[in-house]
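Below is one structure, written out as C-alpha cells; comments come after it.
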Amino acid sequence: MSYDVLKNRLTNGVPYTVEAALARINALADNLEITQEQADELIALAKQHGLESIGDEDRLTALELAVAELGVAMMTMGGANNG
C-alpha cells in the first residue's frame, strides 16, 4: 500500500483503528517506502481520524469495502490476462 493510498483511506471516512493505521505506517516506513515526513503526516491523520475500537457495523462496512476492492482487482487482473 502506497503513501497516497493510505492517506486517502485515512481521510475518506473508512473506519479503522489507530493501532491498525500505525501498523501500516510502520510497515511502509520499515520498507523505506515513505519518508519520515510522510510517516509523521500519516501518524497525525491516523490519530485525528482513527478510532480506539471499531463497532460491529463499522467492521462489516470495512469488510464489504475490502471485498469490493478485491473483486475489482480480480476483474482487472482477469481482463489484463485476456487482452
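We did not get these values from a lab; they are worked out from the coordinates using the rules stated. Bear in mind that the values here come from a model prediction, so they are computed numbers and not experimental data. So basically every Cβ, Gly included, is an ideal-geometry build from the backbone, and we count neighbours across all protein chains shown.
Which entry in (1) 1.05; (2) 0.96; (3) 1.53 matches Rg/Rh (Cα atoms, Kirkwood Rh) derived from the coordinates of this structure?
(1)
Taking the Cα centre of the chain as origin, sum charge times position over the Cβ atoms of Lys and Arg (+1) and Asp and Glu (-1), and report the length of that vector in debye to the nearest 20.
The calculated dipole for the chain is roughly 160 debye.
To the nearest 10 degrees, how steeply does helix 18-30 sit against the main Cα axis of the chain, on a 0 to 90 scale?
Relative to the chain, helix 18-30 is tipped by roughly 80 degrees.
Over 10 Å intervals from 0, what percent of Cα-Cα pairs in the range 1-42 sits in each interval?
Distribution as computed: 30, 62, 8 percent.
To the nearest 0.05, how large is the calculated FRET efficiency for Leu70 and Leu32 if R₀ is 30 Å and r is the Cβ-Cβ distance?
E between Leu70 and Leu32, to the nearest 0.05, is 0.65.
I'd like to know which of Thr35, Val18, Met77 lies farthest towards the positive end of the charge dipole of the chain, counting +1 on Cβ of Lys and Arg and -1 on Cβ of Asp and Glu.
The Cα lying farthest towards the positive end belongs to Met77.
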